[in-house]
Amino acid sequence: MLTLTCPCCGVTAEETEFAPGGEAHPKRFGPDSSDADFEGYLFARANPKGVHFERWRHAYGCGKWFLAARCTATLEVFGTYPAQTTAPPADVIKKIKTKRPEWEGYK
Amino acid sequence: MSTRLSKGGRLIDRAKRLNFTFNGKPMQGYEGDTLASALLGAGQVMVGRSFKYHRPRGIIASGVEEPNALVGLGRNARFEPDQRTTTTELFEGAETRSQNHWPSLEYDIGEINDSFYKFLPAGFYYKTFMAPQAAWKHLFEPIIRKSAGLGAVPKEADPDRYEQAYAHCDVLVVGGGVAGLAAALREGRAGKRVWLIEQSAHWGGRTPVDGGQIDGFEACDWIKATLQELETMENVTLRTRLMAAGQHDHGYVIGLESVGDTRPGADIPRHRLWRIRAGRTITATGAIERPLAFAGNDVPGVMLASAVRDYVVNWAVSPGDRTVIVTNNDDAYRTALALLDAGLSVPAIVDAREATHGALPQEVKARGVRVLEGRGVARVLGRKQVKGVEICAQAGEGGAIETIECDCVAMSGGWSPVVHLWSHCGGKLIWDAAQAMFRPDPARPPLGADGTAMVQVVGAANGDLSLAAAMGSAGLGACSSDEAPMMPVWQMPAGAPPALRFKSFLDFQNDVKVSDVQLAAREGYESVEHTKRYTTLGMATDQGKLSNINGLAVLSDALGQPIPATGTTTFRPPYTPISLGAIAGEAKGALFQPLRRTPVQSWHEAQNAHWEPVGQWRRPYCYPQTGESHREAVNREITNTRANVGLLDASTLGKIVVKGPDAGRFLDMLYTNMMSTLPVGKCRYGLMCNENGFLMDDGVVARLSEDSWLCHTTSGGADHIHGWMEDWLQCEWWDWKVYTANLTEQFAQIAVVGPKARQLLEKLGGMDVSKETLPFMQWLEGSLGGFDARICRISFSGELSYEIAVPASQGLALWKKLVTEGKDLGVMPYGTEALHVMRAEKGFIMIGDETDGTVIPQDLGLNWAISKKKTDYLGKRAQQRPHMTDPNRWKLVGLETLDGSVIPDGSHAPADGYNANGQRNTQGRVTSTYYSPTIGKGIAMGLVLNGPDRMGEVIEFTGEGEAMIKARITDPVFFDKDGEKQNV
Amino acid sequence: MSNAVSALQGATYQGFVTVSEAGLIGMISIRGDLTSKPLLKALKTQGLSAPAPRQIVTSNDLTLAWMSPDELLLICDHSAAAQRAQTLTEALEKNHALVCNVSDARALFRITGSKADQVIMKLSPADIARLPMGEMRRTRLAQVAAAVWRSAPDEISLICFRSVATYVQGLLETSARPGSELFEAAPSSS
């Protein structure tokens, strides 16, 4: 069972105090979008073995959503950051690159 | 025969005698005994029968690895099978029963299986499946069920208490032996927050029995001094009887503490499950001695060499007068010394090695014990008790050289480190050829949250078997040992013919022999995991603690590959079995799950309401009066509400306030219709879809002010919808200025419904609730009969209806007042079933009935509630997909049975022909179906192919059994189609 | 309103600590920009200042807790809560903020005794031993959400939702049963 640090309130808590929300940084496609774009938004989710970005909500705490960079194979957590961003912040990217030189980068 | 010695026993208190029974026979032991030491002390060598062959079995070990000596403990509701006698502490009045036999331990009919062992080889169970089906059902299954299985299952509810607790520490040290003590001391002195846990009741592990020097002190003195220092440290928590069951991700360790096992019936928890979150785990879990595989190694009286000296030293129990020691290493010679010190006889030590030059063998030889080098045991004589051993050349095929009389055999095949906690979460092992064991590979540890090692191993668990090596790995003293190398022995003698291999047990608990593993290899089970399942090697309650290494060594040999190439099976938690009660903890009975209560709940309870679960709420389904059936009560409640006035506790409805400059824009995205244009003071019904376009929730929205709205959600949907709103606000439209607050629990909400509803409210007074001041679909705030009320004129029944929200603290008082004041108006409460029937009579949909996660609002004829002006709302894009605009989607209609009966819930309407799977085609299904007392017959709603175009058509629905029910397709509004009743 | 009652009307249980529902308590949820001048000014008129993240501060009869980056909880007398919420709402009328009287949405418990920590240790995965005075921890209590803080030496206060007050009382009573103490003394937090 994971432990995560909520970047919104600073509390480090175990997984049961959070609620998972799937892949981070989804890009919404609305009524004018093409079938392909909408299909990708609605159904296609990355499921890598290795570096992954996820949505979590501090459900039993401050109630805020945040994002986490994590290795799905070793469960190492590279960092957590606020949800109000469309891509992982530079410091998190840098940390992952240091620890996983073979990682091809975000998207 | 085993017996109690007159002197010694470092763990027992001879002043405190304890009475217990074994198969009804009264016996005595001492405080400090385990069940096993007490049984042996009372002369009980044979304690059970084996699983498959029902062979007589005795105690082999002195710890958690014991495979045989499992008993049923306690009686009636407190009976528990498969209790390990070697780790169960004796207590006054303990009732124990042996297992796997009928009619008795001494005379067992199942023992006949042992004569047919050739017909019960590895995989025989699976092979029975290959016979004709009838043979399995009528022949094999009854026999297998009768003869197999460990103890019986208790049939009554467990009366004991269990609980859980969370602990946090920097360092968790598992194992209170000397290595664990040394590690805890080091970490404690470094100021770390340390937990040191030990599964038994005693500190020091094996060392008090085996002796030695630590840091210049006698081991026992060092242990005492170390404990004293640890106890003074405020940052160190010491805990015995706490077993670490599993090491999980991110430093999470589950532990089971025995709290009240020796005090059955006392008002204390029996077990406590600890959820420990540790920065690091140091495992000092020691090692387990391996048996040797020779014919008859399971005869009662054959024991592990270490266990023999444990019984002598710890509990003053002699396992036998004459003990032959069979070994491949120096360590077992300690058993000879312990036996000699206790005045017992050691006729011979049978050592598989050609030469024995170590210090321990020399010391034993000097005391006059015969050491037979290069020898093995060909077979054990005796059936229910060891009578002697036949000695042979280890290198040969088992030809007897001599026979030695004895009543105990102490065997040692070397030691296996307890690597479970290291392995549970991904730590890898390496093969140590010199000591013939797998030990943790420090280069490949389990990783924690930060990507670094979260588990370290010290002492024997690390493969540092000798005291000196163990203390060295724990960071104390030099690392050297004067013990001579051991010699791996996987079969004794090496060239044992089939007759011997058929009786050389590897896994005692599952009756798996050397011959079974070899057969599995011949039949193609090359993976160790497959062999495990096929032979059952390493399964059941002991999980192969004794058998695994021997088993995979035999498998490797049969496959002609080195042992590391075979590898181990997966180590999975728990380390030893843990009680289901502890896993449940407090979550049973009334605390099984949270039961949410409305402010009026106690009144409903006092009226003996019949309940319906709605999410975690329990809402009154109906309020049956004396002698009334539920259906009669529902009908009465409906009739009364339609004729007079009814009260519904609607407190469970979600109430979410949405406020801010962008709140209108936000709600326009959430709802399919337009909420931003709703005038202040008015209410509007709205639908919410998910991004798949499917209808998710509905409810009435009231505009409270220029920038705030109150959104009502379904009872089950409040938390979800609030979370849904916050998700979009936080993660997608974070620049929009909107705040939400879930006020569901702040308000009690009471629906006052029926033609006399206005009269009732007027009796309370204080607010003008006339049609002019408070028309349909508007709301008003004020003081109603002295209550701080917000009244919405909304209706889910088609009647004149007011939903009154007051602060929850005033809810019960308002309800009671309405009941009292409404008496002469005929007021009655009504439950959720009446609510459902009345809304169905009006053709109103219900989330969860008409919707199931695949239904879009357009299917339900709700196009009027979908804005055509809006360029976007959640779900709009999905509703443009071809499948969603398909004219052949099933659509909502009303259904009226021709004979007046009620269509069963879930009925389908079959259509002509069959689908690709050979099933009848269907053309519709029922979504809601009730008896309507208002109409006087069965009414239903359903989704039907081209339904709205087929008004008046009669189609058939499946009824009970083969019967079909004819129903006419109608408008879903059955009652008061023009809404005259609610609009008064 | 004289007919107002709290969820459990002050129910009390004496175990190895005392567990009691605190009766009617006023609570006001304030959502807004916690650094904005109008909000700070509105608080100041009540004699309050915005607490730092996770902090809970008490001055006079008012307690103010940081709930999340854009939410505070003001704990006050129940009878004054509605008026106080109204005053705050009016003070923030021209700003983007949301003030709600949530007094009746919740229940407040006090766990009193030197072993109060042990009750929470049985129910919450939070490291309660390391919870300092002046900090509120929002956490999970068995299967429901709760917030705990040290309201006095040897006293822990706990807030949960009103509808689950009976469940929480049951949890606390079960955990506080005599004979089930986890430690003789309080475990060290060092």
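The values are calculated or read from the model by the stated rules, or taken from the named source; none is laboratory data. Owing to the predicted nature of the structure, the values given are computational and were not obtained by experimental measurement. Cβ sites come from the backbone with ideal geometry, for glycine too, and all protein chains shown count toward neighbours.
For B:Ala201, the test of being under 31 Å from the mean Cα position of the chain (by Cα) and not charged (D, E, K, R) is passed.
Considering each residue of the range B:429-450 in turn, none proves to be within 30 Å of B:Ala69 (Cα to Cα), under 39 Å from the mean Cα position of the chain (by Cα), among the basic types (Lys, Arg) and at pLDDT below 95. Filtering C:Leu98, C:Leu74, C:Leu88 for residues that are within 18 Å of the chain's Cα centre (by Cα) and either surrounded by fewer than 18 Cβ atoms within 10 Å (Cβ to Cβ) or touching a residue at least 12 places away in the same chain (Cβ under 8 Å) (or both) leaves a single hit, C:Leu74. Just one of the listed residues (B:Gly382, B:Gly358, B:Gly368) is modelled with pLDDT under 95 and not hydroxyl-bearing (Ser, Thr, Tyr), and it is B:Gly358. Taking the condition of a type outside the set (Phe, Trp, Tyr) and away from chain C (no Cβ under 14 Å), does B:Asp788 pass? No, not satisfied. Considering (1) surrounded by 15 or more Cβ atoms within 10 Å (Cβ to Cβ); (2) under 26 Å from B:Ala499 (Cα atoms); (3) modelled with pLDDT of 75 or more, the lone condition that B:Phe140 does not fulfil carries the number (2). Is one or more of the residues making up the range B:291-311 in a loop (DSSP other than H, G, I, E, B), within 17 Å of B:Gln435 (Cα to Cα), touching a strand residue (DSSP E or B) at 6+ places or on another chain (Cβ under 6 Å) and not aliphatic (A, V, I, L, M)? Yes; the residues of the range B:291-311 include at least one that is in a loop (DSSP other than H, G, I, E, B), within 17 Å of B:Gln435 (Cα to Cα), touching a strand residue (DSSP E or B) at 6+ places or on another chain (Cβ under 6 Å) and not aliphatic (A, V, I, L, M). Going by the conditions given, is A:Lys94 more than 30 Å from C:Ala126 (Cβ to Cβ), among the basic types (Lys, Arg) and modelled with pLDDT of 95 or more? Yes.
Taking the criterion of being outside any loop (DSSP other than H, G, I, E, B) and either within 14 Å of chain C (Cβ to nearest Cβ) or in contact (Cβ under 8 Å) with a residue 60 or more places away in the chain (or both), the residues of the range B:214-242 that qualify are B:Ile214, B:Ala219, B:Leu230, B:Glu231, B:Thr232, B:Val236, B:Thr237, B:Leu238, B:Arg239, B:Leu242.
Candidates in the range B:167-185 are the residues that are within 14 Å of B:Val457 (Cα to Cα) and not hydrophobic (A, V, I, L, M, F, W, C); of these, the one that is nearest to the other protein chains (Cβ to nearest Cβ) is B:Gly176. Restricting attention to the range C:44-71, the residues that are of a type in the set (A, V, I, L, M, F, W, C) and in contact with a helix residue (DSSP H, G or I) (Cβ under 8 Å, 6 or more places away or on another chain) total 2. When the residues of the range A:56-74 are filtered to those that are facing another protein chain (nearest Cβ under 7 Å) and among the small types (Gly, Ala, Ser), the one that is nearest to the chain's Cα centre (by Cα) is A:Gly63. Residues in the range C:122-153 that are touching a helix residue (DSSP H, G or I) at 6+ places or on another chain (Cβ under 7 Å) and either among the polar types (S, T, N, Q) or more than 10 Å from chain A (Cβ to nearest Cβ) (or both): C:Lys122, C:Leu123, C:Ile128, C:Ala129, C:Thr139, C:Ala142, C:Val148. Residues to consider are C:Ala42, C:Ala50; find the one that is assigned by TED's automatic domain parsing to the domain that holds C:Leu73 and without any contact (Cβ under 8 Å) to a residue 24 or more places away in the chain. Residue meeting the stated conditions: C:Ala50. Of the residues that make up the range B:800-814, is at least one over 29 Å from C:Leu98 (Cα atoms) and touching a residue at least 12 places away in the same chain (Cβ under 8 Å)? Checked the range B:800-814: at least one residue is over 29 Å from C:Leu98 (Cα atoms) and touching a residue at least 12 places away in the same chain (Cβ under 8 Å). Residues being of a type in the set (Asp, Glu) and away from chain B (no Cβ under 11 Å) are entirely absent from the range C:96-112. Scanning the range C:168-183 for residues that are part of a loop (DSSP other than H, G, I, E, B) and more than 7 Å from every other protein chain (Cβ to nearest Cβ), we see that the one that is nearest to the chain's Cα centre (by Cα) is C:Ala176. Scanning the range B:85-127 for residues that are assigned to a loop (DSSP other than H, G, I, E, B) and among the hydroxyl-bearing types (Ser, Thr, Tyr) yields B:Thr85, B:Thr86, B:Thr87, B:Thr88, B:Ser98, B:Ser104, B:Tyr107.
Residues checked against (1) under 25 Å from B:Thr240 (Cβ atoms); (2) free of Cβ contacts under 8 Å to residues at least 12 places away in the same chain; (3) among the small types (Gly, Ala, Ser):
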position: B:Val259; (1), (2), (3): yes, no, no
position: B:Pro264; (1), (2), (3): yes, no, no
position: B:Arg270; (1), (2), (3): yes, no, no
position: B:Leu273; (1), (2), (3): yes, no, no
position: B:Arg277; (1), (2), (3): yes, no, no
position: B:Gly286; (1), (2), (3): yes, no, yes
position: B:Ala295; (1), (2), (3): no, no, yes
position: B:Val299; (1), (2), (3): no, no, no
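For the range C:31-49, taking the residues that are more than 10 Å from chain B (Cβ to nearest Cβ) and crowded, with 18+ Cβ neighbours inside 10 Å, the one that is modelled with the lowest pLDDT is identified as C:Gln46. Of the numbered criteria (1) surrounded by 22 or more Cβ atoms within 10 Å (Cβ to Cβ); (2) away from chain B (no Cβ under 14 Å), the one C:Met27 fails is (2).
Before we move on, is B:Val326 in contact with a strand residue (DSSP E or B) (Cβ under 8 Å, 6 or more places away or on another chain), β-branched (Val, Ile, Thr) and on the phi < 0 side of the Ramachandran plot? It is true that B:Val326 is in contact with a strand residue (DSSP E or B) (Cβ under 8 Å, 6 or more places away or on another chain), β-branched (Val, Ile, Thr) and on the phi < 0 side of the Ramachandran plot.
For the range C:90-125, the tally of residues that are in a loop (DSSP other than H, G, I, E, B), closer than 25 Å to C:Ile28 by Cα and not polar (S, T, N, Q) stands at 6. Inside the range B:403-435, residues that are buried (at least 24 other Cβ atoms within 10 Å of the Cβ), assigned to a loop (DSSP other than H, G, I, E, B) and aliphatic (A, V, I, L, M) make up a count of 2.
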